[in-house]
1. Could you tell me the largest-minus-smallest coordinate of the C-alpha atoms of the stretch 47-135 on each of the three principal axes, in descending order and whole angstroms?
2. Quick check for you: which residues of the stretch 65-92 have the amide N under 16 Å from the point 7 Å beyond the Cα of residue 255 toward its beta carbon?
3. Hey, with R₀ at 45 Å, roughly what FRET efficiency would residue 28 and residue 75 work out to, going by the Cβ-Cβ distance, to 0.05?
4. What whole-number distance in Å separates the alpha-carbon centres of the stretch 257-277 and the stretch 29-64?
5. List 30, 276 from most exposed to least, where exposure is judged by having the fewest other Cβ atoms within 10 Å.
6. For a quick check: sort 205, 249, 77 by the number of other beta carbons within 10 angstrom, fewest at the front.
7. Could you compute the FRET efficiency for residue 274 and residue 67, with r as their C-beta to C-beta distance and R0 at 25 Å, rounded to 0.05?
Ligand SMILES: [Zn+2]
């Protein structure tokens with residue numbers, strides 16, 4: 001997508017924000033996949049267009065890996081996870097994953113199902129199950145419409161109103177904030193509200209998804225352990241915007257019995273993904 005289109009997507013969103021400012025009647029609530037009520041001002045289509053615009057910009061700024069093996073590996077894992085979504089969720093988003101050549105231990109997801117993984121993360125994730133942990137988590141953010149909730153929450157505060165005035169102005173800190181709200185927080189150095197709730201929810205959705213796809217849910221705990229070990233005291237970007245290690249592991253362990261049941265059922269049904277690097 002060129003700059004013109006990108007700006008027009010953001011301008012559409014800007015008009016939408018202004019319209020919502022003018023009429024409280026547009027205020028909307030929805031329910032997340034784990035049963036939490038959440039703010040959702042934005043029509044899915046608008047959010048998806050903004051997500052796509054941010055994604056195209058990301059692709060212009062960061063080179064994709066030229067390793068076919070890495071691309072195929074991540075695609076294989078992502079496909080196995082997406083196959084487990086119900087047909088509505090498969091259709092509701094235009095799922096896509098890009099492997100970016102960058103040492104950062106990081107991944108992200110944008111509204112509309114546009115996701116990114118950095119090659120640095122592949123150095124830390126030991127096997128397909130651990131990469132599935134990250135991809136399941138990212139898919140969880142999309143399924144739970146976290147981008148919409150963050151944008152809606154920011155909009156509902158005075159900070160959000162300031163954003164409205166400057167949206168579409170490339171290079172402004174406010175534009176970085178919009179990108180952060182959409183899901184590129186670590187990339188633009190923005191710490192977001194509600195991140196703990198969102199991270200916990202994405203972890204739970206991801207754990208369930210990986211188990212149903214036949215990836216070993218217990219590897220999720222090892223992945224986060226590897227992340228902490230790899231950091232050597234300095235948290236990797238991905239961890240710095242994510243919950244404390246112990247809290248995350250406890251949350252995963254709480255949901256592990258259920259995940260293991262689904263994992264065993266998946267294996268018995270012949271779901272044994274063979275994605276390798
Ligand atoms: Zn996350």
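Each value in this text was obtained by applying a stated rule to the coordinates, not by laboratory testing. These numbers were taken from a predicted model, which means no experiment stands behind them. In this analysis, Cβ positions are derived from the backbone assuming ideal geometry, glycine residues included, and neighbour counts consider all displayed protein chains.
1. 33, 29, 19
2. Those under the cut-off are 81-82, 84-86.
3. Details: r = 34 Å, r/R0 = 0.76.
Calculated value: 0.85.
4. Centre-to-centre distance over Cα atoms comes out at 29 Å.
5. Numbers: 30 14, 276 11.
Neighbour counts put them in this order, fewest first: 276, 30.
6. Neighbour counts put them in this order, fewest first: 249, 205, 77.
7. 0.85
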